[in-house]
Amino acid sequence: MKFTDGFWQRRPGVDALYAEEAYDVWAEGDTLTVHAPTRVIRSRGDVLNRAMLTVTLTSPLEGVVKVRIDHHQGAHRSPGFRMPGAVEGAGTAQVDDAGGTLTSGRLTARIAKGAPWSLDFEVDGERITGSGHHSVGYMTLADHASVSAEPTGATGYSANGLAPHRAYVHEQLDLGVGETIYGLGERFGPFVKNGQSVDIWNADGGTSSEQAYKSIPFYLSSRGYGVLVNHPEHVSFEVGSEAVERVQFSTAGESLEYLVFAGPTPAEAVERYTALLGRPPRVPDWSFGLWLSTSFTTDYDEATVTQFVDGMRERDLPLSVFHYDCFWMREFNWTDGVWDERVFPDPDGMLRRMHEDKDLRVSAWINPYIAQRGRMFREGMEKGYLVKRPDGSVWQWDQWQAGMGLVDFTNPDARAWFQDFIRTLVRQGVDAIKTDFGERIPTDVVWHDGSRPETMHNLYTQLYNEAVWEALVGEKGEGGAVLFARSATAGGQTMPVHWGGDNTSSYVSMAETLRGGLSLMSSGFGYWSHDIGGFEGTPDAGVFKRWLAFGLMSTHSRLHGSGSYRVPWAFDEEAVDVARLFTKLKLSLMPYLYAASVQTAETGVPMMRPMFLAFPGDPATQHLDRQYMLGDSLLVAPVMSASGEVDLYLPDGEWTSLLTGERVAGGRWVRETHGYESMPLYVRPGTVLPRGTRDDRPDYDYLSDVELVVYPGGEETRTVELHASDGSSDTVTVVSRDGSLTATGASGRAYAVREA
């Protein structure tokens with residue numbers, strides 16, 4: 001949202017009150033409080049008829065500073081996001097003649113007394129950003145103020161789905177020369193956010209729009225720090241797009257709260273962010289294998305499903321999970337939890353056969369929208385479990401499902417009711433839940449617990465996914481639960497996996513899908529997937545084959561579409577070969593990939609890493625959005641052209657192709673041309689890569705069925721961590737001396753080892 005008209009003026013109808021000076025600064029315990037009048041106070045008369053902003057600095061965790069800006073402290077306050085990692089006494093506040101400081105670990109917030117307003121953030125004594133003159137503002141709008149437009153909301157209201165607000169608070173943090181900004185959720189536009197206006201307001205807009213299913217008010221800077229705006233409500237970001245030297249963020253109301261996370265690298269900032277808001281947990285080993293779906297609107301029954309599963313096995317295509325999309329339930333009945341008996345007359349037996357005869361896990365689709373014709377609507381309406389209008393009637397509309405209502409997860413009884421439905425599915429034989437939707441949340445409703453509708457629009461997805469996740473964990477245990485979720489807000493990373501939503505079947509959409517994934521990985525999320533081949537439309541064979549390689553070199557891999565089946569032989573026989581090659585390649589990498597997932601669970605650093613995150617000292621990585629690191633050591637550059645030509649950047653050192661063994665000097669751009677059974681997949685110099693001796697399934701013993709492959713460029717002695725899915729692990733020391741290699745674990749076990 002833009003408030004100004006150029007550098008000197010404001011837009012018509014906008015009145016601005018800025019923090020002009022730090023009039024006084026108080027330290028009390030671990031809290032620094034600053035009173036900032038909206039005019040420089042030169043005489044006693046200046047204190048009259050004057051607004052003042054109160055700025056409070058605290059630290060919820062080492063290396064994190066929280067800043068709260070209040071106009072009227074008695075007004076409604078946002079509940080913010082849950083921060084389970086918060087601790088007491090993480091900061092130290094001090095005041096002297098020059099001003100005040102709040103220090104937490106390596107991070108110091110420094111406020112200068114007097115005018116102009118000046119708040120600096122320093123890591124190890126070096127300024128990383130700050131809030132300067134006319135950065136802290138209280139903006140009031142006349143009835144027809146000319147501010148920038150925001151996306152349409154679920155109820156068709158103007159602007160961001162809400163009636164226009166009278167007042168907003170904004171902050172602006174400085175951008176340095178060459179500094180680039182990332183994150184703000186899964187956004188499909190330009191990966192680098194500089195120059196963009198970004199609205200944090202979840203919407204079901206597809207991947208080819210500016211809207212986002214996963215809007216996260218957290219960004220990362222190339223300078224190695226992160227910023228979270230602690231508001232589940234609508235937040236508007238202007239990333240060098242209004243004040244070009246600053247990142248501006250604003251929200252409606254009388255207060256604004258944000259947190260700064262120290263690095264000094266982007267990865268360390270992510271570690272602190274996830275330590276505070278929650279880290280991605282481990283997910284089951286089988287979830288890393290290939291998932292096959294019925295697709296959305298295709299015709300299918302048990303015979304169709306069996307044909308697909310058997311067809312995969314006959315073609316030596318290892319399959320781990322079969323997914324039943326929406327039409328496992330009867331049309332017009334979503335979600336009611338009842339298998340459509342016309343096509344699945346024996347669901348219990350079918351699920352048992354999928355497990356016992358086909359050796360597969362099963363995923364099933366749900367959403368929180370309850371169709372009027374289904375049995376759950378009547379029960380939910382009678383018991384008061386559905387969201388209501390202000391007049392007490394059930395909120396309903398006909399978009400998506402006829403007469404659908406919405407589960408009110410702020411009602412503990414409704415939450416327990418929905419969880420009983422999930423438990424029933426799991427006990428019937430479902431292993432994973434695809435939690436679709438959760439973005440189209442109305443704002444003209446009343447919530448059971450009194451939550452403000454503007455707060456619940458983005459926050460609803462958290463309550464929805466938490467309810468399902470909690471039920472799954474209760475049934476499957478820690479490390480055994482996995483979702484396939486579309487919508488999210490801050491904190492959603494604690495309930496993996498998330499997928500990229502409705503893309504289209506083209507190379508262009510493949511690229512935008514990857515940008516969205518890299519953007520989400522820059523927002524604290526650890527795992528990510530997407531619809532191989534694109535969701536809308538049917539890809540040509542070339543797009544499908546290229547997307548197979550990309551999808552199978554993502555953390556999670558699913559074949560899914562809208563109106564067409566996505567079994568590889570539906571495209572051509574070469575697609576079968578490509579699917580086999582990359583599926584088996586991924587399965588052979590499971591000792592490496594599972595260890596990377598353990599690292600993600602322990603640190604919050606994503607498995608799929610944007611290049612700027614993996615190589616923060618290399619300025620050439622700042623704008624890279626068509627390649628990524630999968631774990632510490634594998635560089636992946638999907639081919640997104642019919643010609644097979646791809647440009648990629650290799651950082652310093654000698655990299656080795658995983659597929660061919662060719663060694664290529666880094667520190668430069670490389671142009672390559674690849675056939676369908678190939679792609680740029682490079683091993684980082686000095687890597688000891690754990691490779692499985694199996695490629696038929698993802699869930700095997702990563703401590704036994706493994707060999708270590710040593711790549712050039714490392715020290716004589718190197719170590720590598722191995723992790724098994726049962727929680728056991730081993731630290732292996734690899735020694736290369738006098739032309740021989742040995743690999744010995746801390747357990748005393750000797751491991752097979754060879755040179756690449």
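Here is how the numbers come out for the structure above:
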item	result
Out of SER657, SER641, SER633, sole residue that is within 27 Å of the chain's Cα centre (by Cα) and within 17 Å of VAL709 (Cβ to Cβ)	SER633
Matching entry among GLY561, GLY533, GLY501 (being under 24 Å from HIS234 (Cβ atoms) and crowded, with 23+ Cβ neighbours inside 10 Å)	GLY501
Single condition PHE81 does not satisfy, out of (1) open to solvent by 80 Å² or more (accessible area, probe 1.4 Å); (2) outside any strand (DSSP E or B); (3) of a type in the set (Phe, Trp, Tyr)	(1)
Total residues in segment 91-103, condition outside any loop (DSSP other than H, G, I, E, B), touching a residue at least 60 places away in the same chain (Cβ under 8 Å) and buried (at least 16 other Cβ atoms within 10 Å of the Cβ)	6
Flag for ALA416 being without any contact (Cβ under 8 Å) to a residue 40 or more places away in the chain and either open to solvent by 10 Å² or more (accessible area, probe 1.4 Å) or part of a helix (DSSP H, G or I) (or both)	yes
Extreme residue, least open to solvent (accessible area, probe 1.4 Å), among residues of segment 263-306 that are more than 23 Å from the chain's Cα centre (by Cα) and of a type in the set (A, V, I, L, M, F, W, C)	VAL305
Any hit, segment 618-641, residues being modelled with pLDDT under 95, out of contact with any Pro (no Cβ under 6 Å at 6 or more places or on another chain) and not aromatic (Phe, Trp, Tyr)	no
Inter-residue pairs, beta-carbon under 9 Å, first modelled with pLDDT under 95 and in segment 229-240, second β-branched (Val, Ile, Thr), 6+ apart	none
Of all residues in segment 628-646 being more than 18 Å from TYR527 (Cα to Cα) and in a strand (DSSP E or B), the one that is most open to solvent (accessible area, probe 1.4 Å)	GLU645
Qualifying residue in segment 405-423 (condition: on the phi > 0 side of the Ramachandran plot and among the aromatic types (Phe, Trp, Tyr))	no
Search result, residues across segment 679-702 that are open to solvent by less than 70 Å² (accessible area, probe 1.4 Å), in a loop (DSSP other than H, G, I, E, B) and touching a helix residue (DSSP H, G or I) at 6+ places or on another chain (Cβ under 8 Å)	MET679, ASP695, ARG697, PRO698, ASP699, TYR700, TYR702
Test: ASP647 is in contact (Cβ under 8 Å) with a residue 12 or more places away in the chain, farther than 21 Å from GLU186 by Cβ and of a type outside the set (Val, Ile, Thr)	yes
Residues that are in contact with a strand residue (DSSP E or B) (Cβ under 7 Å, 6 or more places away or on another chain) and either assigned to a loop (DSSP other than H, G, I, E, B) or in contact (Cβ under 8 Å) with a residue 60 or more places away in the chain (or both), drawn from segment 288-311	GLY289, LEU290, TRP291, LEU292, SER293, THR294, PHE308
Among the candidates THR731, THR687, THR673, THR656, residue that is in contact (Cβ under 8 Å) with a residue 60 or more places away in the chain and of a type outside the set (Lys, Arg)	THR656
Residue match in segment 659-677 (condition: open to solvent by 20 Å² or more (accessible area, probe 1.4 Å), of a type in the set (A, V, I, L, M) and not in a strand (DSSP E or B))	yes
Filtered residue count, segment 367-405, keeping only those that are touching a strand residue (DSSP E or B) at 6+ places or on another chain (Cβ under 6 Å) and either part of a strand (DSSP E or B) or without any contact (Cβ under 8 Å) to a residue 40 or more places away in the chain (or both)	11
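Yes or no, residue by residue, for (1) touching a helix residue (DSSP H, G or I) at 6+ places or on another chain (Cβ under 8 Å); (2) farther than 24 Å from TYR507 by Cβ; (3) outside any helix (DSSP H, G or I):
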{"site": "PHE582", "(1), (2), (3)": "yes, no, no"}
{"site": "LEU585", "(1), (2), (3)": "yes, no, no"}
{"site": "LEU593", "(1), (2), (3)": "yes, yes, no"}
{"site": "PRO616", "(1), (2), (3)": "yes, yes, yes"}
{"site": "ARG626", "(1), (2), (3)": "yes, no, yes"}
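Rundown of residues vs (1) in a helix (DSSP H, G or I); (2) within 25 Å of LYS214 (Cβ to Cβ); (3) touching a residue at least 40 places away in the same chain (Cβ under 8 Å), yes/no style:
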{"position": "GLY534", "(1), (2), (3)": "no, yes, no"}
{"position": "LYS545", "(1), (2), (3)": "yes, no, yes"}
{"position": "LEU548", "(1), (2), (3)": "yes, yes, no"}
{"position": "SER554", "(1), (2), (3)": "no, yes, yes"}
{"position": "ARG558", "(1), (2), (3)": "no, yes, yes"}
{"position": "GLY561", "(1), (2), (3)": "no, yes, yes"}
{"position": "SER564", "(1), (2), (3)": "no, no, yes"}
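The values are calculated or read from the model by the stated rules, or taken from the named source; none is laboratory data. The model shown is predicted, which means the values in this text are computed figures rather than measured ones. Because the Cβ atoms are built from the backbone with ideal geometry, glycine has one as well, and the counts that use them run over all protein chains shown. For the accessible areas, the whole protein counts, side chains as well, though only heavy atoms, and no ligand, DNA or RNA atoms are used. Shrake-Rupley method; radii C 1.70, N 1.55, O 1.52, S 1.80 Å.
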